[in-house]
1. Cβ-Cβ distance below 6 Å, separation of 6 or more or different chains: which pairs start in the stretch 97-112 with a residue that is more than 13 Å from residue 40 (Cβ to Cβ) and end on one that is outside any loop (DSSP other than H, G, I, E, B)?
2. Being within 26 Å of residue 33 (Cβ to Cβ), at pLDDT 95 or above and in a helix (DSSP H, G or I) is the requirement here; does residue 105 meet it?
3. Restricting the search to the stretch 48-79, which residues are among the acidic types (Asp, Glu) and more than 16 Å from residue 129 (Cβ to Cβ)?
4. Looking at the stretch 24-61 only, could you name the residues that are outside any helix (DSSP H, G or I) and surrounded by fewer than 21 Cβ atoms within 10 Å (Cβ to Cβ)?
5. Would you confirm whether any residue within the stretch 113-120 is in contact (Cβ under 8 Å) with a residue 40 or more places away in the chain, among the basic types (Lys, Arg), assigned to a loop (DSSP other than H, G, I, E, B) and closer than 19 Å to residue 52 by Cβ?
6. Six or more apart or on different chains, Cβ atoms under 7 Å: show the pairs whose first residue is in the stretch 151-171 and within 21 Å of residue 64 (Cα to Cα) and surrounded by fewer than 16 Cβ atoms within 10 Å (Cβ to Cβ) and whose second is of a type in the set (S, T, N, Q) and at pLDDT 95 or above.
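The values are calculated or read from the model by the stated rules, or taken from the named source; none is laboratory data. Remember, predicted model here, so these are calculated numbers, not experimental data. Note that we place each Cβ from the backbone using ideal geometry, even for glycine, and neighbour counts take in every protein chain shown.
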Amino acid sequence: MEVKMAVKESTTVVMEKNVHIGISEEHRFQIAEGLCRVLADSYMLYLKTHNFHWNVTGPRFHSLHNMFEEQYTELAAAIDEIAERIRALGFYAPGSFTEYKELTTIEEAVGVRDANAMVSQLVVSNEKLIATVRTTLPTLNEASDEATLDLMTQRLHQHSKVAWMLRSTLE
């Protein structure tokens, strides 16, 4: 039996019944809801970073092209981990652009051609993702969900480091 619960008006989190992992149903829902937002932000950041990898030009082409590739490759692995954690909590992970667009805080990058603008947008997007991850922490602590807390701590560390590295290339 499935129970549908709204994340936003047109996006739902579907919960499986009979999941007994020592976290209450209410907490599992709140955690999954937060993870869906982290997943959407991560996917949109992945898409933006990959776009910039393909389209960067100029004297810093090689270094930025390689940096962006490292970043989107790491994001691809993280996206999989986040979605699998949502599944482990007994929910279905969102997987469409429509759902991601409704859940994300990250703006799309359309027509960005300047390398500095790309880097600046990636700094802002990584910082927005950090803020989204931080919104999950109180519930994770309250629910004693160490597995998800560990995953979110790793994401905080990674995106903080990436934002710092990107900011450093602008100086």
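1. 109/48; 109/51; 109/121; 112/118
2. In short, no.
3. 69, 70
4. 24, 57, 58, 59, 60
5. Yes.
6. 170/116; 170/120
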